Amino acid sequence: MSKRRTPSMMTTEEAQRQETYIKQIRMQNDLEKSKTSKQKHYYIATFGCQMNAHDSEKLAGMLEQMGYQKTDQENEADFILYNTCCVRENAEQKVYGKLGYLKYLKDMNKDLIIAICGCMMQQDTVLNIIKSKYPHVDIIFGTFNIYKLPELLQTYLETKETVIDIWNEHKDIVEDLPSIRKYKFKASVNIMYGCNNFCTYCIVPYVRGRERSRQPEDILNEIKELVADGVKEIMLLGQNVNSYGKTLKDGISFAQLLRKVNEIEGLKRIRFMTSHPKDLSDELILAMRDCDKVCKSLHLPFQAGSTEILKKMNRKYTKEQYLELAEKIQNTIPDIALTTDIIVGFPGENEEDFKDTLDVVRKVRFSGAYTFIYSKRTGTPAATMEGEVPEEICQRRFNELQEVLQPIVYEKSQEFYGKTVEILVEEKSKNKDSYLTGRTDSGHLVHFEGDTSLIGQFVNVEIIEAKTYYLIGKLAN
Ligand code: SAH
Ligand code: SF4
Ligand code: F3S
């Protein structure tokens, strides 16, 4: 666990306002602790993407400043927060399922505070369901005002009535929120928020608002501070990092930002996600090639192979353009590991269209892919499109896709066999005692036997076994 920045360094007026609530709650918690000698705990469950995971780090940072300590045991917590995702229906179902259990916990402990935030809350229908069916939820907020948690909590503590605060658009980018990182040596940094692409299947632009970029100085300063605090690897986050800077006056491009980040002394690795193919410029490919700290991995979702379907998805590229782009990247940066996202069963997808998806998978030879069955999201243009694909066909195509994809991923993994690679050691292996887990520059997971003192270090390992989703290595020197 690692903390960053103290409240006294918060700069914006809004952050300062929240600081007064933080102090108030901290005082109340300290007072109670001195009376009962019981420490208060918080539990956060995060659903969805890295954007949400990073928001949760900020929420955890505020909770710790308010005097709460983290627990992994939900039933031990005094404050439970669910940070939700609505990108697919099953993400929402998971949350509803767990909310039932929270009712039981609340019945057992009437002082338990339950809060729920994130993308799901930005939809009126969801809000109404929570209000009517889950009255045990005490605090509800959305994606645009996470920094208001201290104020919302204070209001709840004073009134003991449900507090709801959901905005439809973002107001300020509040800089300098405290944040608790999972790893001391790696961190995520938002470079932009929101999305303007409106892919027709996707709910993100509706729940995360319009695209806005952070000032380059704020990003660079944050990274410098992180590096001073021990961070060696950073992940630059945005729904579409390739359009970074378009909303800024000075018009800095993502490639230019990357070159600046690359100059930061002490930083070892730079990753970023996600890239939209339509905005991936030659300038960026060259910056990736030239910048020694930029990892040789690129997540480049193609979603569907058929140009017809891509058009209906509003992706703004054709099958051929995607293939050309992938080839150009692979030719310019030979060792690059390309990964992707794929959706099957988009409305109107026929067998020919689906074959185009398989064709792209075979031609590009991805190192990994997240694969999804299309999920209808109310309010998106695709939700009312004709040609819904029956569930059994979706499932069959999904399975067929795995059959084509997995051998390719396995073969890409095999390319590591016998090679010695540098990895950043991240943690103890979850499956095997005395083993550690690290990641290569290309993003591949490596398990190897080693001492926990190596966590956070770069080490060389020789790959002695290559599986589809991970590699086994042995320390080499
Ligand atoms: N901004 C990123 C990621 C967005 S969400 C990008 O553009 O790549 C992550 C992935 O979820 C998407 O890439 C897409 O493959 C998938 N996804 C989004 N909406 C979906 C839906 N309605 N049904 C199925 N998959 C979806
Ligand atoms: Fe969704 Fe498309 Fe934006 Fe990605 S680029 S978040 S898929 S609308
Ligand atoms: Fe889900 Fe929101 Fe991310 S909808 S995928 S958590 S931006």
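The values are calculated or read from the model by the stated rules, or taken from the named source; none is laboratory data. Worth saying up front: this structure is predicted, and the values here are computed from it rather than measured. In this analysis, Cβ positions are derived from the backbone assuming ideal geometry, glycine residues included, and neighbour counts consider all displayed protein chains. The area values use the complete protein model at the heavy-atom level, side chains included, leaving out ligands, DNA and RNA. Shrake-Rupley method; radii C 1.70, N 1.55, O 1.52, S 1.80 Å.
What's the percent breakdown of Cα-Cα distances in segment 2-165 across 10 Å bins, shortest bin first? Bins of 10 Å from zero give 10, 41, 37, 12, 1 percent of pairs. Peptides 307-313, 429-435, 96-102, 409-415 ranked from most to least packed give 307-313, 409-415, 96-102, 429-435, packing being the mean of other C-beta atoms within 10 angstrom over each peptide's residues.
The alpha carbon radius of gyration of segment 298-414, expressed as a multiple of 2.2 N^0.38 Å, is 1.06.
Could you work out Rg/(2.2 N^0.38 Å) for the chain, with Rg from alpha carbons only?
On the way: Rg = 23.1 Å, N = 477, 2.2 N^0.38 = 22.9 Å.
Compared with the compact-globule rule of thumb, the chain sits at 1.01.
Applying 1/(1 + (r/R0)^6) with r as the Cβ-Cβ distance of Leu475 and Asn262 and R0 = 22 angstrom yields a FRET efficiency of 0.15. For segment 57-62, putting each phi into the Karplus relation 6.51 cos²θ - 1.76 cosθ + 1.60 with θ = phi - 60° gives couplings of 5, 6, 4, 5, x, 5 Hz, in residue order, rounded to whole numbers and with x for Gly and Pro.
If you take the alpha carbon atoms of segment 393-477 and fit the smallest convex hull around them, that volume is 97 Å³ per residue. Phi angles across segment 276-284 convert, under the Karplus curve 6.51 cos²θ - 1.76 cosθ + 1.60 with θ = phi - 60°, into 3J(HN,Hα) values of 9, x, 5, 9, 7, 8, 4, 4, 6 Hz, Gly and Pro given as x. Work out the P(r) tail for segment 71-221: percent of alpha carbon pairs separated by more than 20 Å, whole number. Across segment 71-221, Cα pairs with separations above 20 Å total 56 percent. Think of the chain as having a plus end and a minus end, set by charges on the Cβ of Lys, Arg, Asp and Glu; of Asn331, Tyr68, Phe366, Tyr68 sits farthest toward the positive end of this dipole. Between the listed residues Thr420, Gln457, Leu445, the Cα displaced farthest toward the positive end of the dipole of segment 420-475, a dipole computed from Cβ unit charges relative to the Cα centre, is found at Leu445.
Provide Arg397, Arg289, Arg212 ordered by accessible surface of protein heavy atoms (probe 1.4 Å), highest first. Numbers along the way, then the final one.
Details: Arg397 10, Arg289 125, Arg212 35 Å².
These residues rank, largest area first, as Arg289, Arg212, Arg397.
Segment 94-133 to segment 44-86: how many Å between their Cα centroids? Using only Cα atoms, the two centres lie 14 Å from each other.
Can you give me the % of accessible surface on the chain that is carbon or sulfur? Probe 1.4 Å, all protein chains present, nothing else counted. Percent of accessible area from carbon and sulfur atoms in the chain: 48.
Work out the length of the dipole vector of segment 97-232 about its Cα centre, built from +1 on the beta-carbon of each Lys and Arg and -1 on the beta-carbon of each Asp and Glu, and round it to the nearest 20 debye. Write out the running numbers ahead of the final one.
Details: 19 positive and 18 negative charges, 135 e Å.
In total the dipole reaches around 640 debye.
Counted over the chain, the DSSP beta bridges are approximately 35% antiparallel. Taking packing as the residue-averaged number of other Cβ atoms within 10 angstrom, the listed peptides 20-32, 294-306, 189-201 run from highest to lowest as 294-306, 189-201, 20-32.
Only lysines eight or more places from Lys430 in sequence, or on another chain, were considered; those with a Cα closer than 18 Å are Lys182, Lys467, Lys474. In the full protein context, segment 356-473 carries 53 Å² of accessible surface per residue, based on a 1.4 Å probe and ignoring ligands, DNA and RNA. Taking each DSSP H run with n ≥ 4 as -39500 (n - 2.57) and averaging over every residue of the chain yields -11500 deg cm²/dmol at 222 nm.
Phi angles across segment 336-352 convert, under the Karplus curve 6.51 cos²θ - 1.76 cosθ + 1.60 with θ = phi - 60°, into 3J(HN,Hα) values of 5, 9, 9, 10, 8, 10, 9, 10, 10, x, 5, x, x, 5, 9, 4, 4 Hz, Gly and Pro given as x.
Scanning residues 5 or more positions from Leu436 or on other chains, those with amide H under 5 Å from its amide H are Ser429, Phe448, Glu449, Gly450, with H placed 1.01 Å from N in the peptide plane.
Within 10 Å of each candidate Cβ there may be at most 15 other Cβ atoms; applying that plus a DSSP loop requirement, which trypsin sites (Lys or Arg not before Pro) in segment 237-271 survive? Before the final figure, lay out the partial values.
Working: sites: Lys246, Lys249, Arg259, Lys260, Lys268, Arg269, Arg271; in loops: Lys246, Lys249, Lys268.
Passing both the DSSP loop test and the Cβ count: Lys249.
Start at zero, step by 10 Å, and the Cα-Cα distances of segment 266-351 spread as 16, 47, 25, 10, 2, 0 percent across the bins. Among the listed pairs Lys58/Lys268; Lys160/Lys376; Lys94/Lys131; Lys35/Lys98; Lys58/Lys94; Lys249/Lys363, those with a Cα-Cα distance over 29 Å are Lys160/Lys376; Lys35/Lys98; Lys249/Lys363.
When both bridge partners sit in segment 2-165, DSSP labels roughly 0% of those beta bridges antiparallel. Remark on Arg214: its backbone amide H falls under 5 Å from those of Met192, Tyr193, a criterion applied only to residues 5 or more positions apart or on other chains, H modelled at 1.01 Å from N.
If you place +1 on the Cβ of every Lys and Arg and -1 on the Cβ of every Asp and Glu, how big does the dipole about the Cα centre of segment 298-414 come out, in debye to the nearest 20?
Working: 15 positive and 19 negative charges, 81 e Å.
With only Lys, Arg, Asp and Glu charged at Cβ, the dipole is about 380 debye.
Quick check for me: using +1 on Lys/Arg Cβ and -1 on Asp/Glu Cβ, what's the dipole size of the chain about its Cα centre, in debye to the nearest 20? Don't skip to the answer; put the middle values down first.
On the way: 66 positive and 70 negative charges, 131 e Å.
Rounded to the nearest 20 debye, it is 620 debye.
Between the amide H of Ala476 and those of Asn460, Val461, Glu462, distances stay under 5 Å, these residues lying 5 or more places away or on another chain, with hydrogens modeled in the peptide plane. Length, then width, then depth: along the principal axes, the Cα atoms of segment 183-295 run 41, 29, 26 Å.
Trypsin sites (Lys or Arg not before Pro), restricted to segment 177-211: which are DSSP loop and have at most 13 other Cβ atoms within 10 Å?
Details: sites: Arg181, Lys182, Lys184, Lys186, Arg208, Arg210; in loops: Lys182, Lys184, Arg210.
Sites meeting the loop and neighbour criteria: Arg210.
Along the axis of the charge dipole computed for the chain (Cβ charges of +1 for Lys and Arg, -1 for Asp and Glu, origin at the Cα centre), the listed residues Ser179, Val389, Ala476 are led at the positive end by Ser179.
In terms of the mean number of neighbouring beta-carbon atoms within 10 Å, the peptides 38-45, 106-113 order highest first as 38-45, 106-113.
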